[in-house]
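As structure tokens, the structure follows; a few thoughts come after it.
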Amino acid sequence: MNKGRIISLNGGIYTVITEDNQEISCKCQGKFRNYRVDTNSDFKANKNRLSTKQDTHNIKLSPKVGDFCYIENNMITKLLPRKNSLIRPDVSNIDQALLVFAAKEPDFSFYLLDLFLVNVTKEDIEPLIVISKIDKLTPNELLELKEALSYYETKLGYRVFYVNSKKDYPKELVECLNDKTTIVAGQTGAGKSTLINAIIPGFNLQTNEISFALGRGKHTTRVASLYQFMNGFLGDTPGFSKLDLQGITEDNLKLYFKEFNDYHCKFNDCLHLENTKGCEVRNNIGSEILESRYLNYLKMLKSLGERR
């Protein structure tokens, strides 16, 4: 029995990389029913550190890209505990996410950016914001975008990189990938595969341009895949023009807008709504808290209410 990690899934066939660096094509043993896993495990997702911890919960699992597992006779027989898991993209055990958004073609969306930030923050995944296609902006347009994103750097502490992937890319961006499992995710048509091709010399992921007829990017990447890179893994994932909130409720959405946590609202169950008097978050909108972020919060809150 070998330990390994699932790095791709295609047509029901899983590619698993083992501890001795062999890539093996596997199938799943029957159906995964009632696997006992420790959902509170401090298991670290790292190809050099695989561990099992006392099982405590019965839950149903299906293997996904990023899972650590046991394999025997080209069959996945058991999954190890996950430290986190996403649905879109459908991956697990991720350290950080390169959230790639085009500066133009398709147009940049702060709402989509905030949706991604909420989803990865919930799973304790470190976000790195990458703005691609900056060559399609005029100098003034680029300056305006950088000013608008400065809040995300100075207030929220996120790192923001500006790239033209077909020509050059920041070397410090590559340094962030060392010894990490990183997924490249974000806006459809933003150039995620192009960025990976630029980062990894000699790589040749299929790329596609924006579809002007539809006004959005074409789905070049169909499935999530992990590639070995700099003592870790770099993952390409399908792009999305629409994204839902995953496992988030009206009550806990505020927890994933990290700047809200800087203010101690006197109402324990406060949702920071516009008509709430005395709300400390509301009192700081437009001064300490970026108004567009707050409006995006209200938009998400409304969508959660409608879904309920």
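The values are calculated or read from the model by the stated rules, or taken from the named source; none is laboratory data. These figures come from a predicted structure and were not determined experimentally. With ideal geometry, Cβ positions are generated from the backbone for all residues, glycine too; neighbour counts draw on all protein chains shown. With ligands, DNA and RNA removed, areas are computed over all heavy atoms of the protein, side chains included. Shrake-Rupley method; radii C 1.70, N 1.55, O 1.52, S 1.80 Å.
Can you pull out every residue in segment 243-289 that is closer than 29 Å to SER85 by Cα and of a type in the set (Val, Ile, Thr)? The answer is ILE248, THR249. The test for being open to solvent by less than 10 Å² (accessible area, probe 1.4 Å), under 19 Å from THR237 (Cα atoms) and in contact (Cβ under 8 Å) with a residue 12 or more places away in the chain holds for SER92. Among the residues of segment 124-156, those identified as under 17 Å from the mean Cα position of the chain (by Cα) and without any contact (Cβ under 8 Å) to a residue 60 or more places away in the chain are ASP124, ILE125, GLU126, PRO127, LEU128, ILE129, ILE131, TYR152. Against the numbered list (1) open to solvent by 20 Å² or more (accessible area, probe 1.4 Å); (2) modelled with pLDDT under 80, ASP269 comes up short only at (2).
Conditions (1) closer than 28 Å to GLY66 by Cβ; (2) of a type outside the set (Lys, Arg), marked per residue:
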| position | (1), (2) |
| --- | --- |
| ILE134 | no, yes |
| PRO139 | no, yes |
| ALA148 | no, yes |
| LYS155 | no, no |
| TYR158 | yes, yes |
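Residues in segment 1-14 that are open to solvent by less than 30 Å² (accessible area, probe 1.4 Å) and either among the charged types (D, E, K, R) or free of Cβ contacts under 8 Å to residues at least 24 places away in the same chain (or both): ARG5 only. Within segment 257-272, at least one residue is in contact (Cβ under 8 Å) with a residue 40 or more places away in the chain and outside any helix (DSSP H, G or I). Name the residue that is farthest from ASP244 (Cα to Cα), counting only residues in segment 273-298 that are in contact (Cβ under 8 Å) with a residue 24 or more places away in the chain and open to solvent by 70 Å² or more (accessible area, probe 1.4 Å). Ranking the candidates gives GLU288 first.
Within segment 281-293, is even one residue at pLDDT 90 or above and in contact with a Cys (Cβ under 7 Å, 6 or more places away or on another chain)? Yes, segment 281-293 contains at least one residue that is at pLDDT 90 or above and in contact with a Cys (Cβ under 7 Å, 6 or more places away or on another chain). Restricting the first member to segment 171-190 and to residues that are modelled with pLDDT of 85 or more, and the second to residues that are in a loop (DSSP other than H, G, I, E, B) and open to solvent by less than 20 Å² (accessible area, probe 1.4 Å), the beta-carbon pairs closer than 6 Å and six or more apart or on different chains are THR181/ALA45; THR181/ILE94; ILE183/ILE94; ILE183/THR237; ALA185/PRO89; ALA185/THR237.
Per this entry, LEU156 is counted among residues that are in a loop (DSSP other than H, G, I, E, B), modelled with pLDDT of 95 or more and within 17 Å of LEU98 (Cα to Cα).
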